[in-house]
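Presented below is the structure to which this report refers.
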Amino acid sequence: MENRTNVKGVLVSTEHYIGGKRVASEKSFATINPNQPTQILAEISRGDSATADLAVVEAQKGFEVWSQMSVGERSAIMHKLADLIESRAQDIATVECMDMGMRYESLVNRLVPRGARNFRSYAQIAKDHKPRKWHSNTTTNEIQRMPSGVSVIITPWNAPFMLCTWKCAPALAAGNSVILKPAEWSPLSASILADLIDEAGFPAGVFNIVQGIGEEVGAALVSNPKVARVSFTGSVDAARIIGAAAAKNIVPFTGELGGKGPLIVFPDADLDAAVKKAVGQFDDSGQVCLAGTRLLVHESLKEEFLSKFLALTAKQKLGSSWEDETEITPMIHPKHLENVVGFVERARDNGDSILCGGKIYQEGALWYEPTLIEPKSNDSEVVQREIFGPVLTLQTFATEDQAIVLANSTEFGLSGMIYTTSREIASRVGRAIRAGTVWVNCFLIRDLTAPFGGFGWSGIGREGGDYAIDFHSDIKTFQILDDSLND
Ligand code: ADP
């Protein structure tokens with residue numbers, strides 16, 4: 001009998017989903033409720049290298065079927081999955097809120113629907129794709145995009161449902177089979193996805209979900225030589241190991257690895273809008289790779305910006321992830337809270353100034369107060385390293401060139417934000433910022449066909465639209481000599 005656990009009224013399987021069946025492991029790992037960290041929500045099957053091997057064998061079988069189906073047939077099943085996600089949105093949001101601690105309202109209205117949109121969007125992109133065909137010299141040429149095999153997808157613990165759908169959809173649209181390994185701190189929503197995959201009618205082995213620890217089953221998956229692609233989102237440290245494992249097998253690897261985005265405010269900006277967005281970087285307790293965590297403010301604005309920022313931050317409501325009005329939710333895990341505490345303590349020791357926050361909210365709970373730090377120098381650790389918590393830094397600049405130098409002064413380059421009303425400034429600074437996405441007077445607005453990824457330590461490769469489908473495909477140039485074939 002398959003093991004299911006009751007998470008706030010939703011029955012969630014604690015097992016893997018491999019070859020169209022639930023499969024259990026003997027060992028398990030626990031996942032907790034960030035709102036009440038002593039509460040264990042579930043003991044989940046903890047995959048090992050045998051689990052990984054089984055998943056690869058089953059995914060290879062799934063690939064044989066899926067890659068032979070037409071784009072239209074595959075797209076129809078992906079649309080069915082999107083329908084099912086929409087019909088179970090409340091259950092998925094409930095379970096993810098319990099498991100990850102993100103605000104329920106945001107999950108049910110924004111991130112779970114985006115999960116459905118990920119599948120719809122890639123189903124459409126695959127259908128719309130027109131292979132490039134042209135004549136040159138003495139041949140007719142065509143670029144063919146071929147399914148490449150089994151894609152291993154390793155996902156992080158923040159926004160788990162949205163990110164696993166975002167990363168799996170293009171692989172499926174490419175005609176590949178998928179093995180998804182969700183993060184061990186928030187594995188539960190992916191288990192609901194497995195139920196929906198089953199219901200949507202994916203042939204067995206096309207879409208597999210393996211649970212477990214990164215260094216165990218994750219490492220076994222990414223180093224399996226039968227795998228065709230490895231797609232990862234997570235930390236720089238893990239990317240170095242995973243990328244090396246893939247490279248050993250000459251397997252293409254893509255990684256989205258976090259950021260340290262600048263949010264630059266020029267003197268001509270709509271200051272209230274800029275302050276509001278700056279405070280908005282505390283959303284989801286800063287557990288967002290795209291966040292603009294380095295506030296770079298023109299020196300003439302510093303006082304006014306700071307007083308408005310501190311006033312608005314003081315009103316931020318720490319609270320339960322279930323309440324709509326909550327602004328600051330708990331950190332996902334005691335170990336992660338410890339990371340954040342460590343960054344701020346070291347900043348204090350370094351002589352950086354803590355302008356607000358800088359402490360945990362309550363012993364035994366996982367909330368950390370929204371924190372602003374004025375660093376002693378640009379070399380301070382809090383400026384140069386990703387904290388992934390509700391901790392921002394404030395620096396000033398005198399000239400546009402200084403703003404650009406500061407913006408580009410970390411190893412990361414995922415995102416940047418510019419607040420200005422000048423088209424010239426927006427265009428000059430936008431071009432000069434080394435980042436995969438630059439937003440002007442806005443944040444987080446995404447067109448799913450646009451490329452997404454990072455410069456430097458923020459990643460390798462691009463997701464989004466055809467960029468992601470190309471990554472999962474084998475690309476072939478097909479050339480026929482003129483007048484050499486009978487009609
Ligand atoms: P974070 O620092 O955000 O917790 P990690 O990069 O450690 O992120 O983890 C992101 C994902 O990568 C998780 O699913 C984790 O299990 C997985 N992972 C971590 N280390 C490895 C590894 N060596 N091989 C494969 N997967 C890994």
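Okay, here's what the table says:
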item	result
Subset of the range 114-139 (residues that are open to solvent by less than 60 Å² (accessible area, probe 1.4 Å) and modelled with pLDDT under 95)	SER136
Criterion violated by THR94 - all others in (1) modelled with pLDDT under 95; (2) open to solvent by less than 50 Å² (accessible area, probe 1.4 Å); (3) not hydrophobic (A, V, I, L, M, F, W, C) satisfied	(1)
Residue in the range 203-214 that is within 15 Å of the ligand (Cβ to nearest atom), more than 19 Å from the chain's Cα centre (by Cα) and surrounded by fewer than 24 Cβ atoms within 10 Å (Cβ to Cβ) present	no
Matching residues in the range 375-396 - criterion: being buried (at least 17 other Cβ atoms within 10 Å of the Cβ) and of a type in the set (Asp, Glu)	GLU386
Qualifying position, being touching a residue at least 60 places away in the same chain (Cβ under 8 Å), under 17 Å from the mean Cα position of the chain (by Cα) and more than 11 Å from the ligand (Cβ to nearest atom), among SER189, SER177	SER189
Subset of the range 222-239 (residues that are within 17 Å of GLY149 (Cα to Cα), more than 7 Å from the ligand (Cβ to nearest atom) and open to solvent by less than 30 Å² (accessible area, probe 1.4 Å))	ASN224, VAL227, ALA228, ARG229, VAL230, SER231
Strands (runs of 3 or more DSSP E) (entirely within the range 78-193) containing at least 2 residues that are closer than 25 Å to ARG22 by Cα	150-154, 177-181
Among residues of the range 240-265, those that are within 11 Å of the ligand (Cβ to nearest atom), out of contact with any helix residue (DSSP H, G or I) (no Cβ under 8 Å at 6 or more places or on another chain) and open to solvent by less than 10 Å² (accessible area, probe 1.4 Å), counted	0
Listing of helices (runs of 4 or more DSSP H) fully contained in the range 370-487 that carry 2 or more residues being within 30 Å of THR165 (Cβ to Cβ) and of a type in the set (A, V, I, L, M)	465-472
Enumeration of residues in the range 397-411 that are surrounded by 19 or more Cβ atoms within 10 Å (Cβ to Cβ) and either farther than 30 Å from ARG346 by Cβ or touching a Leu at 6+ places or on another chain (Cβ under 8 Å) (or both)	PHE397, ALA403, ALA407
Lone unmet requirement of (1) within 8 Å of the ligand (Cβ to nearest atom); (2) open to solvent by 10 Å² or more (accessible area, probe 1.4 Å) for ASP198	(1)
Flag if SER148 is surrounded by fewer than 24 Cβ atoms within 10 Å (Cβ to Cβ), under 25 Å from GLN479 (Cα atoms) and modelled with pLDDT of 95 or more	yes
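The values are calculated or read from the model by the stated rules, or taken from the named source; none is laboratory data. Computed from a predicted structure; not experimentally measured. Every residue, glycine among them, receives a Cβ derived from its backbone with ideal geometry; neighbour counts consider all protein chains shown. These area figures cover heavy atoms from the full protein model, side chains too; ligands, DNA and RNA do not enter into them. Shrake-Rupley method; radii C 1.70, N 1.55, O 1.52, S 1.80 Å.
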